[in-house]
Amino acid sequence: MPTYLHPGVYVEEVSSGSRPIEGVSTSITAFVGEAVKGPAGEATLIQSWDDYISSYGEIDSDSDAMGLAVQAFYQNGGKAAYICRVVDTDISPVAAFSHLTGEVSLADAIKISANSVGKWGEQLYYRVVKASTSQQKIDLEIGSQIDGEFKVSEIFSDLSMNPNSSQYIITQVNENSDVIQVELETLEVQYQFGAITGEQIVSANNFFTENLSDTLTMVVNINGLGAQRISLDTDALTLGGTNNADDGDAVAEEIQRLVGLISIDDEYQDFTCIYETTSDERTFILTSGVAGAVSEVEIYDGDGGESDLASILSLDSEASTITVHGAANVIPQEDLGLLEQGTALSGGVANSPGSDDYTDFFGTVLKKITDVSIITMPGETWDGAAGQANIEVAKAHCESLKSRMLIVDPASTSTLVTSNDVDSLGLPSSTYTVLYYPWVKISNPFFDKDLNPNVNKTLSIAPSAMVAGMWAKIDGNRGVWKAPAGVETQLTGVSALEADIDASDQDQLNPMGVNCIRKIPGFGSVLWGSRTLATKANPEWRYVPVRRTAIFIERSIYEAIQWAVFEPNAHPLWSSLRANIENFMNGLFRAGAFQGQKASDAFFVRCGKGDTMTQGDIDAGKVIVVIGFAPVKPAEFVIVRIQQIVGQ
């Protein structure tokens, strides 16, 4: 409480004690399985089909189960999703790669790799071209090969081997490429000193004259540290004007002194400038003080005219005949023989993950992502073989967390007509698993009557992704308590069904928990079932919306009452919990989530000593809240009784 020290009016803000409970999302889907490319061993959140393309690429082929599934998901109302690419960690699949060798020694200088593991990287080609701006830089082109011709998709220009450069090859490529990454190799050659040698000074007897400007300027850039202007006072040097050796040495010493004054850094202190004279040449040589990748010397003109020291000493960039960069030996060389078609990456390994890989992924990665509500496994079907083992891992994961549901796909070859057909599959009897039948046909994105006339117009895909998208759509439009089935669940992108299910077929399948996809005249292909596979084992959790509504309530309350931990375990806490949870449940009742004409018929919330807790519970630090609700259940059987009225 605040302390009041003088008479007056005091305003205090007092908490109402209300802590509203917000409903959690119920439609975030995890796609777990193999993908052609993209991040491996992690869950990547996407919000759209374009997001998927940017990270995992376009649909690779008509067997790209992951790509086809995600596309179908978004076509049918899907929203947020986690893409979980699982790989075989025992075999350690690697990305396709190639080495870029150095210019002089041919030592491996740079390793260029596809940016994710798998065989897909072998479709990538690259070309190395000398940059037009400098012989010390390269242009790297990435693309593909079509009919023997290189097609460019990415270009990185003016790449440098200098880590201090804004165009450093490692930074530029790794931060901007969608398909590759590069890394330095263990170099077999030593870096050298960067140096620039001026052009031969021809006018031997008029090297300096007394008519020169009093101040000569030149701009230098040592080791990429930035352009710095130096000014040379010719009067202070007392140049003779005819003795070339003495005058040249004096000028060289003054340039070295002026550069050293720029900073006390070693890069400037170790810089040297010498004037070299032979019977044939008179040149200035400027050398950096560090042997390494950053080692370089660049000279620019000063103010123009007679005051340009670089021009007078034949050191300006256009007149320079030799420029040695510290990394000259390891700058990747261009392969003139392969410039037309490019060089392919190679060595990629693709291996399907096993149940151990799925177990590890579900237990270490997906377990930590708490907002996932739906799981699908593109490419994995309940077929009695490896797919079944992998699905069992996912089912165990759902049953352990009790916060997500698994949509199981039957094998594409499964024919379900009778209850015996379903029994023979040995489907998991779990309240957290759901199965839809049959597979659906969609337009084949690779069909082209002109280019690919032999490719089928349609292809079949498993229904789970479309179902997950429809669940998300119904959740958003109606609420998780509405059964995701009926005439408002028209599937988008379906050209036909693999099997036509009629009423007599569904008479056999519906009691077994198999949700049928049927073609209803006037409505197209729709979901015509909403049961879990626990139809007989746990009849109270027979319906999908009932199980999902329970998950929704449990997760929403769990996340919203974390504030109660360590609060005093007494009546104020119990009352606050009851009030906040009742408000949340009442909101659901008014939205139509529960049965009953009034709230007391629809739900109850209890919390208190003598009701839900004993003194022993309180002493043990336990607060026990009991919540009950009467879920609405789908009207599976709409019965119309018609009676003829006879004589009154």
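The values are calculated or read from the model by the stated rules, or taken from the named source; none is laboratory data. Quantities reported herein were computed from a predicted structural model and do not represent experimental measurements. So basically every Cβ, Gly included, is an ideal-geometry build from the backbone, and we count neighbours across all protein chains shown.
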It is to be established whether one or more residues within the stretch 209-224 are surrounded by fewer than 19 Cβ atoms within 10 Å (Cβ to Cβ), at pLDDT 85 or above and farther than 16 Å from residue 313 by Cα. yes
Here the qualifying pairs (Cβ atoms under 7 Å; residues six or more apart or on different chains; first in the stretch 237-250 and assigned by TED's automatic domain parsing to the domain that holds residue 216 and part of a loop (DSSP other than H, G, I, E, B); second surrounded by fewer than 15 Cβ atoms within 10 Å (Cβ to Cβ) and modelled with pLDDT under 75) come out as 241/209; 241/210; 242/205
Here is a check on your reading of the model: is residue 478 closer than 23 Å to residue 545 by Cβ and buried (at least 23 other Cβ atoms within 10 Å of the Cβ)? no
Go through the stretch 594-618 and give me each residue that's touching a residue at least 12 places away in the same chain (Cβ under 8 Å) and farther than 19 Å from residue 579 by Cα. 595, 596, 618
Could you grab me the full set of residues in the stretch 534-549 that are modelled with pLDDT of 95 or more and of a type in the set (A, V, I, L, M)? 544, 546
Qualifying positions in the stretch 438-478 - among the hydrophobic types (A, V, I, L, M, F, W, C) and in contact with a Cys (Cβ under 9 Å, 6 or more places away or on another chain): none
Hey, could you check the stretch 141-159 for residues that are in contact with a strand residue (DSSP E or B) (Cβ under 9 Å, 6 or more places away or on another chain) and touching a residue at least 60 places away in the same chain (Cβ under 8 Å) and say which is farthest from residue 332 (Cα to Cα)? 145
Yes/no for residue 464 being in contact (Cβ under 8 Å) with a residue 12 or more places away in the chain, over 30 Å from the mean Cα position of the chain (by Cα) and in the same structural domain as residue 80 (by TED's automatic domain parsing): no
Can you name the number of the only condition in (1) under 32 Å from the mean Cα position of the chain (by Cα); (2) surrounded by fewer than 21 Cβ atoms within 10 Å (Cβ to Cβ) that residue 553 fails? (2)
Number of the condition not met by residue 304 [criteria: (1) more than 37 Å from the chain's Cα centre (by Cα); (2) at pLDDT 85 or above; (3) surrounded by fewer than 19 Cβ atoms within 10 Å (Cβ to Cβ)]: (2)
Please pick out the residue among 482, 473 that is outside any loop (DSSP other than H, G, I, E, B), out of contact with any Phe, Trp or Tyr (no Cβ under 6 Å at 6 or more places or on another chain) and of a type in the set (Lys, Arg). 473
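Here's the yes/no breakdown for (1) more than 29 Å from residue 550 (Cβ to Cβ); (2) of a type outside the set (Asp, Glu):
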site: 427; (1), (2): no, yes
site: 454; (1), (2): yes, yes
site: 470; (1), (2): no, yes
site: 488; (1), (2): no, no
Just a yes or no: is a residue in the stretch 82-92 more than 30 Å from residue 140 (Cβ to Cβ), out of contact with any Ser or Thr (no Cβ under 6 Å at 6 or more places or on another chain) and hydroxyl-bearing (Ser, Thr, Tyr)? yes
Can you tell me which of 554, 636, 582 is out of contact with any Cys (no Cβ under 6 Å at 6 or more places or on another chain) and more than 18 Å from residue 22 (Cβ to Cβ)? 636
Of the residues that sit in the stretch 617-648 and are among the charged types (D, E, K, R) and outside any helix (DSSP H, G or I), which one is farthest from residue 487 (Cα to Cα)? 622
Take the residues in the stretch 557-616 that are among the charged types (D, E, K, R) and assigned to a loop (DSSP other than H, G, I, E, B), then tell me which one is surrounded by the most Cβ atoms within 10 Å (Cβ to Cβ). 567
Looking only at helices (runs of 4 or more DSSP H) that fall completely inside the stretch 318-430, which ones have 2 or more residues that are of a type in the set (Val, Ile, Thr) and surrounded by 15 or more Cβ atoms within 10 Å (Cβ to Cβ)? 386-401
Given (1) in a loop (DSSP other than H, G, I, E, B); (2) of a type in the set (Val, Ile, Thr); (3) farther than 19 Å from residue 408 by Cα; (4) out of contact with any helix residue (DSSP H, G or I) (no Cβ under 6 Å at 6 or more places or on another chain), residue 535 misses just (3)
Can you name the residue in the stretch 339-389 that is touching a strand residue (DSSP E or B) at 6+ places or on another chain (Cβ under 7 Å) and among the β-branched types (Val, Ile, Thr) and is also farthest from residue 45 (Cα to Cα) among such residues? 343
